[in-house]
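Here the structure is laid out as structure tokens; the discussion comes afterwards.
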Amino acid sequence: MVSITQIPDGSKLMLIGDWFQNPGGDWQVVCYFNEPNGSYFRKSLPIDLLPALTVGKTYPLTEAVNHKTGFTSAFVLPKQDTWELVTYSDMPQSLQKKQLLKEFDGQIEHQLIYKIQLEEYIMWLPLSEFARMLLFQSAEIVRTLALEGNTYQLAKAEMNDWVGKVIFGSHVPLNFINSLEYRKFFAWLMFDDSAKKSFGSIFGLINSESKQTQNSRRWTFNFTPPNVENSSITWSGYTGLQIKGEGHHRYVNEIRSIAGVPTPELYEIEFEHPEDYINLDDDKNEDQNKKKKKYSEPATNPKKIDSSSSPRSKGKRYTININKAGFHFDTYLDLRRSPRNVRILPKGTEPELVENQEDNTVGIKQGKNTGKRPRADIDKLDKPEPIKSSAKLQLFEIMLETLAEESGWKLFVEKGNVPKVNCRSAHLVAGLPRQFCYAEIQLSEGFTIYAIEIELQTKETLSTLFYRSEASTYKQILNDLMSSNTERNQKAMQWDRKNIKKLTVSDFFLGHPDKKNLSEEEINQSWSARAKQKILTL
């Protein structure tokens, strides 16, 4: 559970308002909440918390899984010159939060929002939510874009022919290199010109648009979006009232994922962090090859975020897992970490990353020498888990049928034998043809997710594949999967996503390596929850 101090439990975030800065203070953002008793209140929170502030969510966040709330659908962003920048007061009446507007009229009506005309619907997309999905990926990143206006404080980028390199600074979280999703984000941010301009636009607009009011600077959030037209957005929120003729208007509370983000025109990108160590015990009497490796991993998840005080600047930081979101390129890109640094520690010495595990409260703001609490940054991602091969194919089909029935989705399933290509015996399991299960999952009109599962042998741990594409392409994927190619050093039964063009791919393991006694029903329920989360953020 992740809670925020000074926010009553059960409070629902209704709207994010203006930023302000008192003399000598940090930037704050005004947030509007609804308490369980129905009353509304506003609360100023540090902008460092923006990655964890999602309109429509109830706090505390009790788990990292991003459950669907409200109406959920998807749309493709049209050309950016068709978007209309308007204010909250310009929305149809049935989309406006009447009670909130009544109590805080003068503070809310000028908030900026994009009015995006589609063929059948009109989407209303708040700029603050759009920026949260695209740029507000962590507290460290938010501070940099607000106070620096460039990426130099986070990382440096180098490019040699078709190979790029991103070198992080020692002060940024190690999670930026541990996480594949963060590597995707930084690949886009460091090598896409429109992303860099968008990142820098916030700092420029703060300085040109903020106004001095009484004893503070005040600013209504604004930014220049990057070039993401033709990308698809999965969202949740609500629609206008049909009885008022406003049913074709749709308000976006939360962007759950964005897919089809333009891929940097590089073959591969390597990521480097100066604190990316493998720690080895210094024991001269022990064979070097048998020494136990201690990897630099984030500390355990805390319980509370102190929104009022600055944490200590020294020491490693906690990683806070919050609601998940998806950020996907339009094609596959090889994103690899540099070879990790190796250092020898005297025997019995613990690496610096170890924090006091008894600390239940952390600080999210910029660290200071006088700070008392440990630091933290935010992570929206979870790690894949391996799975046993037994009954995997059958459970996969049952899982999808259950999800489709519960969620009102349309489901088409096809089963058969994997193709026999130049794979010797890889197309066989126990001497019999290896089976596959392919599914088309239609969440709404024009929005389909594809899934592939195959039968496994005992020692194989290939992942389930969920993906987005203009066409299903599953036969091509199965052919590539069962093909060997010595020139590319490709073996059968390996995903070779370099050859699968124009896919938004999200492959992950479903399973419980540390839970041996789960019933089939319990396993199926857990798979369903994780697969649904993956589908809704793809």
Identify, please: which residue in the stretch 44-72 is modelled with pLDDT under 85 and within 16 Å of Trp124 (Cβ to Cβ) and is, among those, nearest to the chain's Cα centre (by Cα)? Thr72
Return a yes/no flag: does the stretch 430-443 have any residue that is farther than 20 Å from Leu481 by Cα, under 28 Å from the mean Cα position of the chain (by Cα), in a loop (DSSP other than H, G, I, E, B) and modelled with pLDDT under 85. no
The strands (runs of 3 or more DSSP E) lying entirely within the stretch 6-62 that contain at least 2 residues which are of a type in the set (Lys, Arg) and out of contact with any Asp or Glu (no Cβ under 8 Å at 6 or more places or on another chain) are 40-46
Number of the condition not met by Ser44 [criteria: (1) open to solvent by 50 Å² or more (accessible area, probe 1.4 Å); (2) of a type outside the set (A, V, I, L, M); (3) over 20 Å from Ile113 (Cβ atoms)]: (1)
Within the stretch 161-186, how many residues are of a type in the set (S, T, N, Q) and under 19 Å from Arg143 (Cα atoms)? 2
Can you list residue pairs whose Cβ atoms sit under 7 Å apart, with the first residue in the stretch 224-240 being free of Cβ contacts under 8 Å to residues at least 60 places away in the same chain and β-branched (Val, Ile, Thr) and the second being surrounded by fewer than 21 Cβ atoms within 10 Å (Cβ to Cβ) and outside any loop (DSSP other than H, G, I, E, B)? Count only pairs 6 or more apart in sequence or on different chains. Thr224/Lys197; Thr224/Ser201
Can Gln80 be described as under 30 Å from Ser39 (Cα atoms) and among the polar types (S, T, N, Q)? no
Would you mind stating whether Ser236 is closer than 30 Å to Asp90 by Cβ, modelled with pLDDT of 85 or more, crowded, with 19+ Cβ neighbours inside 10 Å and not hydrophobic (A, V, I, L, M, F, W, C)? yes
Some residue of the stretch 466-476 being part of a loop (DSSP other than H, G, I, E, B), over 30 Å from Tyr121 (Cβ atoms) and modelled with pLDDT under 75: no
Would you list the helices (runs of 4 or more DSSP H) that sit entirely within the stretch 83-162 and hold 1 or more residues that are surrounded by 16 or more Cβ atoms within 10 Å (Cβ to Cβ) and within 27 Å of the chain's Cα centre (by Cα)? 127-134, 139-147
Please specify each residue of the stretch 186-199 satisfying the condition of being in contact (Cβ under 8 Å) with a residue 12 or more places away in the chain and either more than 16 Å from Glu148 (Cβ to Cβ) or open to solvent by 20 Å² or more (accessible area, probe 1.4 Å) (or both). Ala187, Trp188, Phe191, Asp192, Ser194, Lys196, Lys197
Taking the stretch 448-465 on its own, how many of its residues are outside any loop (DSSP other than H, G, I, E, B) and at pLDDT below 80? 1
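The values are calculated or read from the model by the stated rules, or taken from the named source; none is laboratory data. Since we're looking at a predicted model, the values are computed, not measured. Cβ coordinates were reconstructed from backbone atoms using ideal geometry, including for glycine residues, and neighbour counts include every protein chain displayed. Surface accessibility is based on the protein's heavy atoms, side chains included, excluding ligands, DNA and RNA. Shrake-Rupley method; radii C 1.70, N 1.55, O 1.52, S 1.80 Å.
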